[in-house]
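Take a look at the structure below.
The values are calculated or read from the model by the stated rules, or taken from the named source; none is laboratory data. These numbers were taken from a predicted model, which means no experiment stands behind them. Don't worry about glycine lacking a Cβ; one is built from the backbone with ideal geometry, like all the others, and counts go over all protein chains shown. Side chains are part of the model used for accessible areas, which takes the heavy atoms of the whole protein and leaves out ligands, DNA and RNA. Shrake-Rupley method; radii C 1.70, N 1.55, O 1.52, S 1.80 Å.
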Amino acid sequence: MLNGRRILVGITGGIAAYKSAELVRLLIKSGADIRVVMTAGGLEFITPLTMQALSGNPVHTTLLDTDAEAGMGHIELAKWADLIVVAPASADFIARLSAGMASDLLTTLCLATEATVAIAPAMNQAMWKNSRTQRNIAALGQDANVCVWGPGNGAQACGDVGLGRMLEPEQLCSCIAQYFSDGPLCGKTVVITAGPTREAIDPVRYVSNHSSGKMGYALAVAAREAGASVELISGPVALPVPNGVKFTSVSSAVEMLDAADSAADQQCDIFIAAAAVADYRPEDVPRQKIKKNQEKMVVELIKNPDIVASIASRKNKPFTVGFAAETQNVVAYAEGKLQKKNLDMIVANDVSDQRIGFNSENNAVTVLWEGGSETFSLQSKSLLAGNIVELIVSNMGCMHEK
Ligand code: C5P
(Lines give C-alpha, C1' and ligand atoms only; values in the text may rest on other atoms or scores of the structure.)
Protein backbone atom coordinates (compact mmCIF):
# COMPACT_ATOMS: atom_id res chain seq x y z
CA MET A 1 0.00 0.00 0.00
CA LEU A 2 2.86 2.38 0.77
CA ASN A 3 4.98 1.23 -2.14
CA GLY A 4 7.36 4.00 -3.18
CA ARG A 5 5.85 6.58 -0.80
CA ARG A 6 8.55 8.94 0.44
CA ILE A 7 8.11 9.37 4.16
CA LEU A 8 10.36 11.43 6.35
CA VAL A 9 10.26 10.24 9.96
CA GLY A 10 11.21 12.87 12.55
CA ILE A 11 12.27 11.69 16.00
CA THR A 12 12.29 14.13 18.90
CA GLY A 13 13.23 13.62 22.54
CA GLY A 14 10.96 11.20 24.37
CA ILE A 15 11.07 7.70 25.78
CA ALA A 16 8.64 6.62 23.02
CA ALA A 17 11.54 7.11 20.55
CA TYR A 18 12.37 3.42 20.90
CA LYS A 19 9.04 2.66 19.21
CA SER A 20 10.09 4.75 16.19
CA ALA A 21 12.49 1.94 15.30
CA GLU A 22 9.53 -0.43 14.96
CA LEU A 23 7.57 2.22 13.04
CA VAL A 24 10.38 2.56 10.50
CA ARG A 25 10.68 -1.23 10.24
CA LEU A 26 6.95 -1.57 9.51
CA LEU A 27 7.00 1.26 6.96
CA ILE A 28 9.97 -0.26 5.14
CA LYS A 29 8.11 -3.60 5.13
CA SER A 30 5.12 -1.85 3.48
CA GLY A 31 7.37 -0.65 0.66
CA ALA A 32 7.88 2.97 1.78
CA ASP A 33 11.11 4.90 1.15
CA ILE A 34 12.22 6.31 4.49
CA ARG A 35 14.56 9.09 5.58
CA VAL A 36 15.05 9.77 9.27
CA VAL A 37 15.72 13.13 10.90
CA MET A 38 16.56 13.22 14.61
CA THR A 39 16.65 16.20 16.94
CA ALA A 40 19.29 16.56 19.67
CA GLY A 41 16.68 15.29 22.15
CA GLY A 42 15.89 12.27 19.98
CA LEU A 43 19.60 11.36 19.86
CA GLU A 44 19.54 11.02 23.66
CA PHE A 45 17.01 8.20 23.45
CA ILE A 46 17.93 6.09 20.40
CA THR A 47 21.04 5.90 18.27
CA PRO A 48 21.19 7.09 14.67
CA LEU A 49 22.95 3.82 13.86
CA THR A 50 19.77 1.87 14.68
CA MET A 51 17.67 4.17 12.52
CA GLN A 52 20.20 4.06 9.68
CA ALA A 53 20.25 0.26 9.73
CA LEU A 54 16.43 0.05 9.71
CA SER A 55 15.78 2.76 7.13
CA GLY A 56 18.71 1.82 4.89
CA ASN A 57 19.68 5.49 4.63
CA PRO A 58 21.96 7.87 6.53
CA VAL A 59 20.22 9.71 9.35
CA HIS A 60 20.10 13.54 9.27
CA THR A 61 20.72 15.46 12.43
CA THR A 62 22.14 18.88 11.63
CA LEU A 63 20.74 21.90 9.87
CA LEU A 64 23.88 22.87 8.06
CA ASP A 65 24.89 19.76 6.19
CA THR A 66 28.14 20.01 4.23
CA ASP A 67 27.39 16.75 2.41
CA ALA A 68 24.15 18.08 0.92
CA GLU A 69 24.09 19.87 -2.41
CA ALA A 70 24.81 23.60 -1.77
CA GLY A 71 24.81 22.83 1.94
CA MET A 72 20.98 22.97 2.01
CA GLY A 73 19.95 19.51 3.12
CA HIS A 74 16.76 20.84 4.69
CA ILE A 75 15.41 22.15 1.38
CA GLU A 76 16.28 18.91 -0.44
CA LEU A 77 14.58 16.82 2.25
CA ALA A 78 11.58 19.16 2.47
CA LYS A 79 11.02 18.80 -1.28
CA TRP A 80 11.69 15.06 -1.27
CA ALA A 81 9.03 14.08 1.29
CA ASP A 82 5.47 13.04 0.35
CA LEU A 83 4.68 13.08 4.07
CA ILE A 84 6.54 14.01 7.25
CA VAL A 85 5.68 12.00 10.35
CA VAL A 86 7.12 13.26 13.63
CA ALA A 87 6.94 10.39 16.13
CA PRO A 88 7.40 10.97 18.97
CA ALA A 89 6.55 14.68 18.90
CA SER A 90 7.60 16.17 22.24
CA ALA A 91 5.85 19.12 23.91
CA ASP A 92 8.88 21.26 23.10
CA PHE A 93 8.83 20.27 19.42
CA ILE A 94 5.05 20.95 19.22
CA ALA A 95 5.57 24.39 20.76
CA ARG A 96 8.34 25.23 18.29
CA LEU A 97 6.34 23.89 15.32
CA SER A 98 3.28 25.87 16.34
CA ALA A 99 5.36 29.05 16.72
CA GLY A 100 6.78 28.54 13.21
CA MET A 101 10.33 28.31 14.51
CA ALA A 102 13.23 26.96 12.47
CA SER A 103 15.63 26.32 15.30
CA ASP A 104 16.90 22.91 14.16
CA LEU A 105 16.80 20.69 11.08
CA LEU A 106 13.40 19.11 11.83
CA THR A 107 11.49 22.35 12.53
CA THR A 108 13.19 24.01 9.56
CA LEU A 109 12.16 21.36 7.11
CA CYS A 110 8.62 21.28 8.56
CA LEU A 111 8.51 24.98 7.70
CA ALA A 112 10.05 24.50 4.26
CA THR A 113 7.94 21.57 3.11
CA GLU A 114 4.69 21.61 1.16
CA ALA A 115 3.96 18.05 2.28
CA THR A 116 1.63 17.29 5.19
CA VAL A 117 3.30 17.19 8.59
CA ALA A 118 1.71 14.55 10.84
CA ILE A 119 2.67 14.63 14.50
CA ALA A 120 2.29 11.84 17.05
CA PRO A 121 2.43 13.61 20.43
CA ALA A 122 4.17 11.77 23.28
CA MET A 123 4.58 13.28 26.70
CA ASN A 124 3.59 13.09 30.35
CA GLN A 125 -0.18 13.41 30.85
CA ALA A 126 0.14 16.67 32.81
CA MET A 127 2.28 18.18 30.05
CA TRP A 128 -0.33 17.13 27.48
CA LYS A 129 -3.19 18.57 29.56
CA ASN A 130 -1.34 21.83 30.17
CA SER A 131 -3.21 24.74 28.61
CA ARG A 132 -0.06 25.89 26.78
CA THR A 133 0.31 22.52 25.02
CA GLN A 134 -3.41 22.46 24.27
CA ARG A 135 -3.18 25.98 22.82
CA ASN A 136 -0.32 24.88 20.58
CA ILE A 137 -2.21 21.79 19.43
CA ALA A 138 -5.34 23.86 18.72
CA ALA A 139 -3.24 26.34 16.70
CA LEU A 140 -1.71 23.50 14.68
CA GLY A 141 -5.23 22.16 14.07
CA GLN A 142 -5.90 25.36 12.07
CA ASP A 143 -3.04 24.56 9.69
CA ALA A 144 -4.23 22.82 6.55
CA ASN A 145 -1.04 20.77 6.22
CA VAL A 146 -0.66 19.59 9.81
CA CYS A 147 -2.46 16.63 11.31
CA VAL A 148 -2.31 15.27 14.84
CA TRP A 149 -2.42 11.51 15.41
CA GLY A 150 -3.06 10.62 19.04
CA PRO A 151 -1.99 10.71 21.76
CA GLY A 152 -3.29 7.50 23.28
CA ASN A 153 -4.42 6.89 26.83
CA GLY A 154 -2.81 4.59 29.37
CA ALA A 155 0.20 3.91 31.57
CA GLN A 156 3.18 6.18 31.07
CA ALA A 157 6.91 5.54 31.52
CA CYS A 158 6.97 7.93 34.50
CA GLY A 159 4.27 5.93 36.32
CA ASP A 160 1.39 8.31 35.56
CA VAL A 161 -1.72 7.14 33.77
CA GLY A 162 -3.56 9.26 31.24
CA LEU A 163 -3.51 10.83 27.79
CA GLY A 164 -0.05 11.37 26.36
CA ARG A 165 1.19 8.01 25.11
CA MET A 166 2.45 7.94 21.55
CA LEU A 167 0.20 5.80 19.34
CA GLU A 168 1.61 2.32 18.81
CA PRO A 169 3.69 1.81 15.62
CA GLU A 170 0.93 -0.36 14.09
CA GLN A 171 -1.63 2.38 14.77
CA LEU A 172 0.61 5.01 13.19
CA CYS A 173 1.11 2.75 10.16
CA SER A 174 -2.62 2.51 9.71
CA CYS A 175 -2.97 6.33 9.96
CA ILE A 176 -0.26 6.64 7.29
CA ALA A 177 -1.93 4.01 5.08
CA GLN A 178 -5.20 5.89 5.39
CA TYR A 179 -3.47 9.16 4.52
CA PHE A 180 -2.26 7.68 1.23
CA SER A 181 -5.43 5.69 0.58
CA ASP A 182 -7.06 6.21 -2.78
CA GLY A 183 -10.14 4.20 -1.80
CA PRO A 184 -13.61 5.00 -3.16
CA LEU A 185 -14.42 7.39 -0.29
CA CYS A 186 -11.22 9.38 -0.64
CA GLY A 187 -12.02 13.07 -0.11
CA LYS A 188 -15.41 12.28 1.51
CA THR A 189 -16.32 12.92 5.11
CA VAL A 190 -18.37 10.28 6.90
CA VAL A 191 -20.06 11.03 10.23
CA ILE A 192 -21.19 8.02 12.26
CA THR A 193 -23.20 7.84 15.48
CA ALA A 194 -22.64 4.74 17.59
CA GLY A 195 -23.44 3.10 20.90
CA PRO A 196 -26.27 3.81 23.32
CA THR A 197 -27.24 7.12 24.86
CA ARG A 198 -27.66 7.64 28.59
CA GLU A 199 -30.56 9.73 29.81
CA ALA A 200 -30.12 11.04 33.32
CA ILE A 201 -32.79 10.34 35.94
CA ASP A 202 -30.81 12.17 38.61
CA PRO A 203 -27.07 12.88 39.06
CA VAL A 204 -26.28 9.18 39.67
CA ARG A 205 -28.85 7.21 37.67
CA TYR A 206 -29.75 6.92 34.02
CA VAL A 207 -31.93 5.14 31.44
CA SER A 208 -30.04 3.40 28.62
CA ASN A 209 -29.98 0.25 26.46
CA HIS A 210 -27.78 -2.74 25.59
CA SER A 211 -26.08 -1.31 22.50
CA SER A 212 -22.36 -2.23 22.47
CA GLY A 213 -21.39 0.21 19.69
CA LYS A 214 -19.63 -2.61 17.79
CA MET A 215 -21.49 -2.07 14.51
CA GLY A 216 -20.89 1.70 14.48
CA TYR A 217 -17.20 1.29 15.37
CA ALA A 218 -16.78 -1.36 12.64
CA LEU A 219 -18.37 1.05 10.16
CA ALA A 220 -15.94 3.78 11.23
CA VAL A 221 -13.01 1.46 10.46
CA ALA A 222 -14.53 0.35 7.14
CA ALA A 223 -15.19 3.95 6.05
CA ARG A 224 -11.66 4.97 7.03
CA GLU A 225 -10.23 2.02 5.11
CA ALA A 226 -12.26 3.17 2.09
CA GLY A 227 -10.30 6.42 2.32
CA ALA A 228 -12.91 8.64 4.03
CA SER A 229 -12.18 11.09 6.73
CA VAL A 230 -14.34 9.82 9.57
CA GLU A 231 -15.94 11.42 12.62
CA LEU A 232 -17.29 8.96 15.15
CA ILE A 233 -19.81 10.36 17.64
CA SER A 234 -20.19 7.77 20.34
CA GLY A 235 -22.26 7.19 23.42
CA PRO A 236 -20.61 5.36 26.36
CA VAL A 237 -19.17 2.00 25.23
CA ALA A 238 -16.27 -0.24 26.24
CA LEU A 239 -14.45 -0.18 22.89
CA PRO A 240 -11.09 1.38 21.96
CA VAL A 241 -11.29 4.42 19.69
CA PRO A 242 -10.38 3.32 16.14
CA ASN A 243 -7.17 4.84 14.77
CA GLY A 244 -7.23 7.71 12.37
CA VAL A 245 -10.79 8.69 13.27
CA LYS A 246 -11.99 11.98 14.76
CA PHE A 247 -13.75 10.98 17.96
CA THR A 248 -16.44 12.82 19.88
CA SER A 249 -17.66 11.29 23.11
CA VAL A 250 -21.24 12.07 24.17
CA SER A 251 -23.66 10.80 26.75
CA SER A 252 -27.26 11.87 26.10
CA ALA A 253 -29.33 12.07 22.90
CA VAL A 254 -29.36 15.86 23.11
CA GLU A 255 -25.54 15.90 23.28
CA MET A 256 -25.40 13.47 20.35
CA LEU A 257 -27.68 15.73 18.30
CA ASP A 258 -25.48 18.77 19.08
CA ALA A 259 -22.36 16.88 18.00
CA ALA A 260 -24.07 15.58 14.83
CA ASP A 261 -25.32 19.07 13.95
CA SER A 262 -21.92 20.65 14.38
CA ALA A 263 -20.28 17.87 12.29
CA ALA A 264 -22.91 18.36 9.56
CA ASP A 265 -22.42 22.17 9.70
CA GLN A 266 -18.78 21.61 8.78
CA GLN A 267 -18.52 18.83 6.21
CA CYS A 268 -20.53 15.65 5.98
CA ASP A 269 -21.03 13.71 2.75
CA ILE A 270 -22.38 10.56 4.40
CA PHE A 271 -24.20 10.31 7.73
CA ILE A 272 -24.61 6.86 9.25
CA ALA A 273 -26.83 6.62 12.31
CA ALA A 274 -25.81 3.36 13.97
CA ALA A 275 -26.49 4.63 17.49
CA ALA A 276 -29.27 3.17 19.60
CA VAL A 277 -30.60 6.53 20.71
CA ALA A 278 -32.94 6.42 23.69
CA ASP A 279 -36.39 7.33 22.41
CA TYR A 280 -37.36 9.11 25.63
CA ARG A 281 -35.62 10.94 28.45
CA PRO A 282 -36.77 11.89 31.94
CA GLU A 283 -38.49 15.24 31.75
CA ASP A 284 -37.27 16.71 35.03
CA VAL A 285 -33.81 15.81 36.27
CA PRO A 286 -33.36 16.84 39.92
CA ARG A 287 -29.96 18.28 40.86
CA GLN A 288 -29.75 16.01 43.90
CA LYS A 289 -29.92 12.22 44.16
CA ILE A 290 -33.51 10.96 44.53
CA LYS A 291 -33.98 9.32 47.97
CA LYS A 292 -35.69 5.92 48.16
CA ASN A 293 -38.35 6.91 50.66
CA GLN A 294 -41.38 6.03 48.52
CA GLU A 295 -42.77 2.58 47.70
CA LYS A 296 -43.54 3.59 44.13
CA MET A 297 -41.88 6.06 41.87
CA VAL A 298 -43.04 7.56 38.60
CA VAL A 299 -40.56 9.06 36.15
CA GLU A 300 -42.19 11.14 33.42
CA LEU A 301 -40.45 10.75 30.08
CA ILE A 302 -40.45 13.06 27.09
CA LYS A 303 -39.50 12.24 23.53
CA ASN A 304 -35.90 12.74 22.44
CA PRO A 305 -35.09 14.53 19.19
CA ASP A 306 -34.71 12.18 16.22
CA ILE A 307 -31.09 12.76 15.22
CA VAL A 308 -31.04 10.99 11.88
CA ALA A 309 -34.37 12.52 10.80
CA SER A 310 -33.09 15.95 11.75
CA ILE A 311 -29.89 15.49 9.67
CA ALA A 312 -31.94 14.07 6.76
CA SER A 313 -34.23 17.14 6.80
CA ARG A 314 -31.33 19.51 6.08
CA LYS A 315 -31.36 21.44 2.81
CA ASN A 316 -28.08 19.95 1.55
CA LYS A 317 -28.56 16.65 3.26
CA PRO A 318 -25.73 14.11 3.26
CA PHE A 319 -26.31 10.58 1.95
CA THR A 320 -28.13 9.40 5.07
CA VAL A 321 -28.17 5.84 6.36
CA GLY A 322 -30.24 4.64 9.30
CA PHE A 323 -30.52 1.39 11.21
CA ALA A 324 -33.70 -0.37 12.24
CA ALA A 325 -33.40 -2.86 15.09
CA GLU A 326 -36.71 -4.69 15.20
CA THR A 327 -38.14 -7.75 16.91
CA GLN A 328 -40.95 -8.40 14.37
CA ASN A 329 -42.00 -7.36 10.84
CA VAL A 330 -38.37 -6.32 10.39
CA VAL A 331 -38.39 -5.38 6.70
CA ALA A 332 -41.83 -3.74 6.74
CA TYR A 333 -40.99 -1.54 9.75
CA ALA A 334 -37.63 -0.62 8.19
CA GLU A 335 -39.33 0.38 4.92
CA GLY A 336 -41.63 2.65 6.92
CA LYS A 337 -38.65 4.32 8.64
CA LEU A 338 -36.83 4.78 5.32
CA GLN A 339 -39.75 6.88 4.07
CA LYS A 340 -40.71 8.61 7.30
CA LYS A 341 -37.17 9.73 8.17
CA ASN A 342 -36.29 10.66 4.56
CA LEU A 343 -33.31 8.26 4.54
CA ASP A 344 -31.33 7.12 1.49
CA MET A 345 -30.71 3.69 2.96
CA ILE A 346 -31.68 1.66 5.99
CA VAL A 347 -30.04 -1.40 7.54
CA ALA A 348 -32.62 -3.68 9.16
CA ASN A 349 -31.85 -6.40 11.65
CA ASP A 350 -33.85 -8.74 13.83
CA VAL A 351 -32.72 -8.17 17.43
CA SER A 352 -35.01 -10.91 18.73
CA ASP A 353 -32.48 -13.40 17.26
CA GLN A 354 -29.93 -14.03 20.06
CA ARG A 355 -27.09 -14.80 17.59
CA ILE A 356 -27.12 -11.32 16.10
CA GLY A 357 -27.66 -7.69 16.91
CA PHE A 358 -27.01 -5.99 20.23
CA ASN A 359 -23.73 -6.96 21.89
CA SER A 360 -23.02 -9.81 19.48
CA GLU A 361 -19.86 -10.08 17.32
CA ASN A 362 -21.97 -11.03 14.32
CA ASN A 363 -24.93 -9.66 12.49
CA ALA A 364 -27.26 -10.54 9.61
CA VAL A 365 -29.14 -7.69 7.94
CA THR A 366 -31.26 -6.61 5.03
CA VAL A 367 -30.28 -3.28 3.53
CA LEU A 368 -33.08 -1.35 1.85
CA TRP A 369 -33.12 1.72 -0.38
CA GLU A 370 -35.62 3.19 -2.81
CA GLY A 371 -36.11 0.55 -5.46
CA GLY A 372 -33.70 -2.05 -4.10
CA SER A 373 -32.55 -4.29 -1.28
CA GLU A 374 -29.76 -6.71 -0.43
CA THR A 375 -29.63 -9.33 2.31
CA PHE A 376 -26.40 -10.25 4.09
CA SER A 377 -26.32 -13.58 5.93
CA LEU A 378 -24.72 -14.03 9.37
CA GLN A 379 -21.18 -12.61 9.34
CA SER A 380 -18.80 -10.66 11.54
CA LYS A 381 -19.73 -7.03 12.12
CA SER A 382 -16.43 -5.93 10.58
CA LEU A 383 -17.06 -7.90 7.37
CA LEU A 384 -20.61 -6.60 7.28
CA ALA A 385 -19.40 -3.03 7.79
CA GLY A 386 -17.20 -3.37 4.69
CA ASN A 387 -20.17 -4.69 2.70
CA ILE A 388 -22.43 -1.86 3.88
CA VAL A 389 -19.79 0.75 2.97
CA GLU A 390 -19.47 -0.85 -0.51
CA LEU A 391 -23.24 -0.66 -0.93
CA ILE A 392 -23.24 3.00 0.14
CA VAL A 393 -20.51 3.75 -2.41
CA SER A 394 -22.45 2.10 -5.24
CA ASN A 395 -25.74 3.76 -4.25
CA MET A 396 -24.14 7.19 -3.98
CA GLY A 397 -22.73 6.61 -7.47
CA CYS A 398 -26.23 5.84 -8.81
CA MET A 399 -27.62 8.93 -7.09
CA HIS A 400 -25.00 11.12 -8.74
CA GLU A 401 -25.65 9.58 -12.16
CA LYS A 402 -29.39 10.34 -11.90
O1 C5P B 1 -35.26 4.05 17.14
P2 C5P B 1 -35.56 3.89 15.69
O3 C5P B 1 -35.92 2.52 15.29
O4 C5P B 1 -36.45 4.96 15.15
O5 C5P B 1 -34.11 4.12 14.99
C6 C5P B 1 -33.98 4.11 13.60
C7 C5P B 1 -32.80 4.95 13.21
O8 C5P B 1 -32.95 6.28 13.69
C9 C5P B 1 -31.43 4.50 13.71
O10 C5P B 1 -30.52 4.73 12.67
C11 C5P B 1 -31.14 5.43 14.88
O12 C5P B 1 -29.74 5.67 15.03
C13 C5P B 1 -31.85 6.69 14.46
N14 C5P B 1 -32.37 7.48 15.58
C15 C5P B 1 -31.87 8.74 15.83
N16 C5P B 1 -32.39 9.49 16.85
C17 C5P B 1 -33.38 9.03 17.62
C18 C5P B 1 -33.90 7.73 17.41
C19 C5P B 1 -33.37 6.98 16.38
O20 C5P B 1 -30.94 9.16 15.11
N21 C5P B 1 -33.86 9.78 18.60
(request) Provide the per-residue ³J(HN,Hα) series for segment 23-39, in order, calculated from phi with Karplus coefficients 6.51, -1.76, 1.60 and θ = phi - 60°, each as a whole number of Hz, with x at glycine and proline positions. (result) 4, 4, 4, 5, 5, 4, 4, 7, x, 6, 9, 10, 10, 10, 10, 10, 7
(message) Using a probe radius of 1.4 Å on heavy atoms only, what accessible surface per residue do you get for segment 6-177? Whole Å² is fine.
(response) 44
(request) Quantify, in whole percent, the carbon and sulfur part of the accessible surface of segment 6-177 (1.4 Å probe; protein heavy atoms only). (result) 54
(request) In whole Hz, with x marking every Gly and Pro, tabulate ³J(HN,Hα) for segment 125-138 from phi via Karplus 6.51 cos²θ - 1.76 cosθ + 1.60, θ = phi - 60°. (result) 4, 6, 5, 5, 6, 3, 4, 5, 5, 4, 5, 5, 5, 5
(request) Could you give the size of the charge dipole of the chain about its Cα centre, using +1 on the Cβ of each K and R and -1 on the Cβ of each D and E, expressed in debye and rounded to the nearest 20? (result) 820
(message) Tell me the net charge near residue 186. Cut-off is 14 Å between Cβ atoms, residue 186 excluded, with +1 for each Lys or Arg and -1 for each Asp or Glu.
(response) -1
(message) Please compute, over every Cα-Cα pair in segment 6-177, the percentage with a separation greater than 26 angstrom.
(response) 21
(request) State the Cα centre-to-centre distance between segment 308-333 and segment 200-253 in whole Å. (result) 18
(request) Quick one: which residues, 5+ away or cross-chain, put their amide H under 5 Å from the amide H of residue 116? H built at 1.01 Å from N. (result) 84
(request) For every other residue with a beta carbon closer than 15 angstrom to the beta carbon of residue 202, add +1 if it is Lys or Arg and -1 if Asp or Glu, then tell me the sum. (result) +3
(message) Residues of segment 256-270 with the amide nitrogen closer than 18 Å to a label point 7 Å from the Cα of residue 299, along Cα-to-Cβ, please.
(response) 256
(request) On a 0 to 90° scale, report how tilted helix 381-401 is relative to the longest principal axis of the chain, with both axes built from alpha carbons and the result rounded to the nearest 10. (result) 90
(message) Expected output is a single nm value to one decimal: the length gained when fully extending between residue 15 and residue 75, i.e. 0.36 nm times separation in residues minus the C-alpha distance. What is it?
(response) 18.7 nm
(message) Taking every DSSP beta bridge with both residues inside the chain, roughly what % is antiparallel (nearest 5)?
(response) 30
(request) Tell me which residues come under 5 Å, amide H to amide H, from residue 320 once H is placed; ignore anything under 5 positions away on its chain. (result) 271, 344, 345
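With a 1.4 Å probe and all protein chains kept in place, how do 82, 104 rank by accessible area, largest first?
Numbers: 82 55, 104 35 Å².
Listed by decreasing accessible area, they come as 82, 104.
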(request) Rank 46, 186, 273 by how far each Cα sits towards the positive end of the charge dipole of the chain (+1 on Lys, Arg Cβ; -1 on Asp, Glu Cβ) and give me just the farthest. (result) 273
(request) Count the net charge of all other residues whose Cβ sits under 10 Å from the Cβ of residue 311, scoring Lys and Arg as +1 and Asp and Glu as -1. (result) +1
(request) Per DSSP H run of n ≥ 4, the term is -39500 (n - 2.57); total these for the chain, divide by its residue number, and report the mean residue ellipticity at 222 nm rounded to 500 deg cm²/dmol. (result) -10500 deg cm²/dmol
(request) Using the structure shown, list the pairs from 315/341; 188/315; 129/246; 317/341 with a Cα-Cα distance above 21 Å, or answer none. (result) none
